[in-house]
Amino acid sequence: MRSLPPWAAVLLLCAAATPAFLVSDYRLFQLTMVVVYSVAILGLALVTGFNGQISLGHGAFYAVGAYVTAILMSLYDVPYWATLPVSAVVCAAIGFLVGLPALRLGGLYLALTTFALAVATPQLLKYHLFEGWTGGVQGIVVFKPDPPFGLPLSADQWLYLFTLAVGAVMFLVAANLVRGRIGLAVRAIRDHSLAAEATGIDVALCKTRTFAASAMFTGIAGSLGAIAVGFVAPDSFTVFLSITLFVGLVVGGVASVAGPVFGGFFIAFLPNIAEEVSKAAPGAIYGVILIAFMYLLPSGVAGGLGSLLRRVVRRPA
Amino acid sequence: MTEFLHQVLSGIASGGIYASVALALVMIFQATHHVNFAQGEMAMFSTYIALALIQAGVPYWGAFAITVAASMVIGAAIQRVLLTPMAGSPVLASVGVFIGLLLIFNSVAGWLFTYQLKQFPSPFEGPPVLGGFVTRHDLGSTAVTLAVLSLVYTFFRFTNLGLAMRASAYNPASSRLMGIRVDRMLSLGWGLAAAIGAVAGMMIAPVVFLDPNMMSGVLLYAFAGALLGGISNPLGAVAGGFAIGVIENLAGAYLVGNELKLTLALVIIVVVLTVKPAGLFGKSVVSRV
Amino acid sequence: MYRRTLLAAAGPLATFGILGRAGPAAAQAPGVTATEIKIGQTEAYSGPASAYGAIGRGLVAFFKRVNDQGGIAGRRINFISVDDGYLPPKTVEQTRRLVEQEGVSFMLNGLGTPPNTAVQRYLNQKKVPQLFVATGADKWANPKEFPWTMGWQPSYRTEAQIYAKYILQNKPDGKIAILYQNDDFGKDYLAGLRDVLGDKYDRMVVKAVSYEVTDPTIDSQAVTMQGSGADVLVTAATPKFAAQIIRKIYDLNWKPLHLLTDVSLSVAAVINPAGPERAVGMIAAAYLKEATDPALANDPGMNEWRAFMKEYMPDADVTDSNYPYAYGVGVTTMQVLKQCDGDFSRENIMKQAANLKNLEVATLLPGIVVNTSPTNFHPIQQMQLQRWNGTRWELFGSVIEGAGS
């Protein structure tokens, strides 16, 4: 896996920031959501792509992150940026707890257990005992932050840049994780868990920690999403969200750090494209396009681009 | 006490719904080692086909038979056309295809048949029995589910074809060497699963009423039932389905209230699988290093 | 090398900059030109609430007819209805697109409480009318805090209050069981019953059970409620579950006084699938005319609606109660636009929406009219009780005025 040279990464970041000064607030909102989804999918990539543990319930972590931010901002007046570290800690803790029983489950069973988690999430959010915090079925309205220091930016511009900055940090952390020794252990477990154990890797601890890390990533994405959308409610976090994140993962590229970005674009924009094509059955168009992607690019966009690059850039023998 | 009995009976009735869909999931898993997330939507679509036939004047059992046959063909065709080319692709890409299928079936059903609720006839009409807590349809559909179960069980356990199918799923390479047409087994597996799903749909629709989103609630409980009983074991899956129905009912009525039923399903799944990862009746597969 | 990268990056950026930061010129009447008025709607065309997509389709056809008949003040109506799948984040995205990119004049009849809540603050901040939202939640009538948001249909809470009053009058010693959907819709009914029953609530309500939209059946809930010994049942359920409960209580041979939410009184969607003979004696509050009611065979309002359906939606299922609803919303909207008298600024549209006086609408029951004022954002507050006699809904009593919260 070739890593991006630092100058290229900086350039990419600058390029990604320029829309803040070029496009309308509405488009910026959409791009902000692309970043949010990318980070969410990145979390999923860590546990599913790199560690081989299939999770169909990451929407639950996204929801937790979103609600943590919403509750802190609305009930306790915590500034938006300060909610992120709290959200990270809470989601990592929950991810660790979820990861514990997940250890004993493999493949299919884990997939279906996480699916059950995703289905149960809205009901949990509505539970009357928590209503005082979660707002129950009515949800919580989150006020969009204004740019700090009186900068001459619109709220949407500032939010996009803020989200982009946080997203960049998350991607940097992920890239380092994946390329380092931890990443090697994580991938070894995915490829051959028995052999990995034989080499001295504590498979159980590593798997649980990966789950925790991935929950943290997706949770932070949820927090950013809550700020951008301005509203959280149980209906925002149905099982459909978990499925959508999963779709973003397989389309973008499962075991790739760059893949989630493509995935984010896909899930942010494809429903609109599908609706343009067919008002009557947009879901069918979405399904057809999804299947086409799976056909043509079974390793996702990142995988496809990767093999293209390999064919084009021939290494010296 | 009577209320308790009623809850149990009513749980068995809903459990029958989950059990019938769980059977389809077991079939597809035994044949392909994949779980088709679109199974529920395909079953729903088959039910609409049946309704169209009945509304066109075809008598019930005729429509039933035609629908089962048609579903078999559709299932096999989907496997042949869509999934064979995916054979070499990563597992997750197949899951992507299943999700795509789920969206397509759901959306097309809504477009063709509208989202309006529709009534689906039951072949077991008549006054309720057992003091009104079990309807004839509940009894009839449970009988149908058990009949399908025995067919599936016999098929896998006692026929060569069933053995060949299971072998193809476990070890395609060796199976080919034994002379088994693996691709045919896969198509057959999909066809049978679709057929079982169609039967399940036609037994469920009279109870829950037919609309494109009919199966979305059922699927989770059916999965839970199949997992609990052991996804490789038709008997276990059916038992799991019935068990889930009863547990959900009792828990909802007496323990946690309806506001936490789904959470309870999740907890049950986690607890059972932590204690017995292959399911209550499943066999643990030991892999050698 | 750097330049090439920059140039390469400029391409995709340019495609995003279609609208650029220049922004549309602030028009006096945004969304309105000399030839058209743009109206936006977010609707649930996909997802769990997709049955209500028929409302959107009905409105699209309605405005098509308006245009065919010459439009209003020389302008045609450009009605843009988009899918949000009942997902609040999607609603936010689509609403922003309609307001900021399409530049609509106002938002009309958006479906669902969570979706509308998600965009309520945004629309009020931007001073875009959020008219006639398609939900009966009580909170839309709050002109002090949200002067740009208005509901249309009678609130669920009002309806529940009417049921509570009926129970107190006809079964004052009754033991009440409630089946409610575990969301804002269901919970509004609990609130409405509590409003009227007051301290009697805890004594009279022996069992209140909820269900989730994802529940396959409500059989267990039915058994629980019967077991509680209740002799009054209030059902706050959407069509699928209403049909199930009607059938189940018949099978259980339990005959409570059954009060049903108006959301599920459709003959085609609920009564027929459940079995018309099983629902005898059921009571519901209504405000819309029922399409299949034989007594309305010659009703001029319904004939007007039938003619419209025949010409503009020939393939639609005319028994779907969403269509008379959509027609009613459309008629109310056109009245607002008519009263604008050519001034289609958002302020004036909102002003006229809050200025409807005794408006009769073809698909509303006789005696029920639309009334709004700057302090009254409940356009429809009246309902009438009806009883199912086995073949049709029979209205009884007189039109009742609700009070809202």
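The values are calculated or read from the model by the stated rules, or taken from the named source; none is laboratory data. Bear in mind that the values here come from a model prediction, so they are computed numbers and not experimental data. All Cβ positions, even for glycine, are placed from backbone atoms using ideal geometry, and neighbour counts span all protein chains on display.
Tabulated values for the structure
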{"quantity": "Candidate set: the range A:121-135, residues that are in contact (Cβ under 8 Å) with a residue 40 or more places away in the chain and part of a helix (DSSP H, G or I); chosen: the one surrounded by the fewest Cβ atoms within 10 Å (Cβ to Cβ)", "calculated": "A:Trp133"}
{"quantity": "The lone exception for A:Ala185 - which of (1) buried (at least 24 other Cβ atoms within 10 Å of the Cβ); (2) in contact with a Cys (Cβ under 8 Å, 6 or more places away or on another chain) it fails", "calculated": "(1)"}
{"quantity": "Residue match in the range C:180-202 (condition: under 30 Å from B:Leu219 (Cβ atoms), in a helix (DSSP H, G or I) and of a type in the set (Ser, Thr, Tyr))", "calculated": "yes"}
{"quantity": "Filter result for B:Val134 (crowded, with 21+ Cβ neighbours inside 10 Å, β-branched (Val, Ile, Thr) and away from chain A (no Cβ under 14 Å))", "calculated": "no"}
{"quantity": "Whichever residue in the range C:388-404 is loosely packed, with under 15 Cβ neighbours inside 10 Å and part of a strand (DSSP E or B) and, among such residues, is nearest to the chain's Cα centre (by Cα)", "calculated": "C:Glu401"}
{"quantity": "Entirely in the range B:171-289, the helices (runs of 4 or more DSSP H) that have 2 or more residues that are within 12 Å of chain C (Cβ to nearest Cβ) and out of contact with any strand residue (DSSP E or B) (no Cβ under 6 Å at 6 or more places or on another chain)", "calculated": "B:182-208, B:216-229, B:234-250, B:261-275"}
{"quantity": "Those residues of the range A:130-143 which are at the interface with another protein chain (Cβ under 9 Å from one of its Cβ atoms) and out of contact with any Lys or Arg (no Cβ under 7 Å at 6 or more places or on another chain), in sequence order", "calculated": "A:Gln138, A:Gly139, A:Phe143"}
{"quantity": "Index of the failed condition, A:Ser278 passing every other in (1) surrounded by 18 or more Cβ atoms within 10 Å (Cβ to Cβ); (2) at the interface with chain B (Cβ under 9 Å from one of its Cβ atoms)", "calculated": "(1)"}
{"quantity": "Residue check, B:Gln55 within 14 Å of chain A (Cβ to nearest Cβ) and farther than 21 Å from A:Val251 by Cβ", "calculated": "no"}
{"quantity": "Exclusive hit being away from chain B (no Cβ under 11 Å) and either closer than 21 Å to B:Phe98 by Cα or at pLDDT 90 or above (or both), set A:Phe240, A:Phe265", "calculated": "A:Phe265"}
{"quantity": "Residue list for the range A:90-108, filter: without any contact (Cβ under 8 Å) to a residue 60 or more places away in the chain and either part of a helix (DSSP H, G or I) or more than 14 Å from chain B (Cβ to nearest Cβ) (or both)", "calculated": "A:Leu97, A:Pro101, A:Gly107, A:Leu108"}
{"quantity": "Filtered residues of the range B:145-181 (kept if exposed (fewer than 14 other Cβ atoms within 10 Å of the Cβ), within 22 Å of the chain's Cα centre (by Cα) and among the charged types (D, E, K, R))", "calculated": "B:Arg157"}
{"quantity": "Conditions (1) crowded, with 18+ Cβ neighbours inside 10 Å; (2) in contact with a helix residue (DSSP H, G or I) (Cβ under 7 Å, 6 or more places away or on another chain); (3) modelled with pLDDT under 95; number of the one not met by C:Arg75", "calculated": "(2)"}
{"quantity": "Filter result (touching a strand residue (DSSP E or B) at 6+ places or on another chain (Cβ under 8 Å), surrounded by fewer than 24 Cβ atoms within 10 Å (Cβ to Cβ) and at the interface with another protein chain (Cβ under 7 Å from one of its Cβ atoms)) within the range C:80-103", "calculated": "C:Val82, C:Val92, C:Arg97"}
{"quantity": "Residue check, C:Asp293 touching a residue at least 12 places away in the same chain (Cβ under 8 Å), of a type outside the set (Phe, Trp, Tyr) and surrounded by fewer than 22 Cβ atoms within 10 Å (Cβ to Cβ)", "calculated": "yes"}
{"quantity": "Residue list for the range A:283-302, filter: crowded, with 20+ Cβ neighbours inside 10 Å and either in contact with a Phe, Trp or Tyr (Cβ under 6 Å, 6 or more places away or on another chain) or more than 7 Å from chain B (Cβ to nearest Cβ) (or both)", "calculated": "A:Ile285, A:Phe293, A:Leu297, A:Gly300, A:Val301, A:Ala302"}
{"quantity": "Residue under evaluation A:Pro85, criteria (1) in contact with a Cys (Cβ under 9 Å, 6 or more places away or on another chain); (2) without any contact (Cβ under 8 Å) to a residue 60 or more places away in the chain, criterion not met", "calculated": "(1)"}
{"quantity": "Residue list for the range C:277-328, restricted to those being under 27 Å from C:Leu108 (Cβ atoms) and out of contact with any helix residue (DSSP H, G or I) (no Cβ under 8 Å at 6 or more places or on another chain)", "calculated": "C:Asp299, C:Pro300, C:Gly301, C:Asn303, C:Glu304, C:Arg306, C:Ala307, C:Lys310, C:Pro314, C:Asp315, C:Gly328"}
{"quantity": "A:Phe171, sole failed condition from (1) more than 30 Å from C:Asn124 (Cα to Cα); (2) in contact (Cβ under 8 Å) with a residue 60 or more places away in the chain; (3) within 14 Å of chain B (Cβ to nearest Cβ); (4) not acidic (Asp, Glu)", "calculated": "(3)"}
{"quantity": "Residue identified as surrounded by fewer than 17 Cβ atoms within 10 Å (Cβ to Cβ), at the interface with another protein chain (Cβ under 10 Å from one of its Cβ atoms) and closer than 30 Å to C:Val270 by Cβ among B:Pro85, B:Pro127", "calculated": "B:Pro127"}
{"quantity": "Residue satisfying condition, being within 10 Å of another protein chain (Cβ to nearest Cβ), among the small types (Gly, Ala, Ser) and without any contact (Cβ under 8 Å) to a residue 60 or more places away in the chain, within set C:Ala164, C:Ala230, C:Ala237, C:Ala243", "calculated": "C:Ala243"}
{"quantity": "Selected residue (only one of A:Pro271, A:Pro234 is within 11 Å of chain B (Cβ to nearest Cβ) and either within 23 Å of A:Ala118 (Cα to Cα) or buried (at least 23 other Cβ atoms within 10 Å of the Cβ) (or both))", "calculated": "A:Pro271"}
{"quantity": "Filtered residues of the range A:236-255 (kept if assigned to a helix (DSSP H, G or I) and of a type in the set (A, V, I, L, M, F, W, C))", "calculated": "A:Phe237, A:Val239, A:Phe240, A:Leu241, A:Ile243, A:Leu245, A:Phe246, A:Val247, A:Leu249, A:Val250, A:Val251"}
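Listed here are the residues, each with its yes/no results for (1) among the aliphatic types (A, V, I, L, M); (2) within 12 Å of chain C (Cβ to nearest Cβ); (3) out of contact with any helix residue (DSSP H, G or I) (no Cβ under 9 Å at 6 or more places or on another chain); (4) surrounded by fewer than 22 Cβ atoms within 10 Å (Cβ to Cβ).
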site: A:Leu12; (1), (2), (3), (4): yes, yes, no, yes
site: A:Thr18; (1), (2), (3), (4): no, yes, no, yes
site: A:Phe21; (1), (2), (3), (4): no, yes, no, yes
site: A:Thr48; (1), (2), (3), (4): no, no, no, no
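Matching residues to (1) in a helix (DSSP H, G or I); (2) within 14 Å of chain A (Cβ to nearest Cβ):
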| position | (1), (2) |
| --- | --- |
| B:Ser20 | yes, no |
| B:Val35 | no, yes |
| B:Met42 | yes, yes |
| B:Trp61 | yes, no |
| B:Ala93 | yes, yes |
| B:Ile99 | yes, yes |
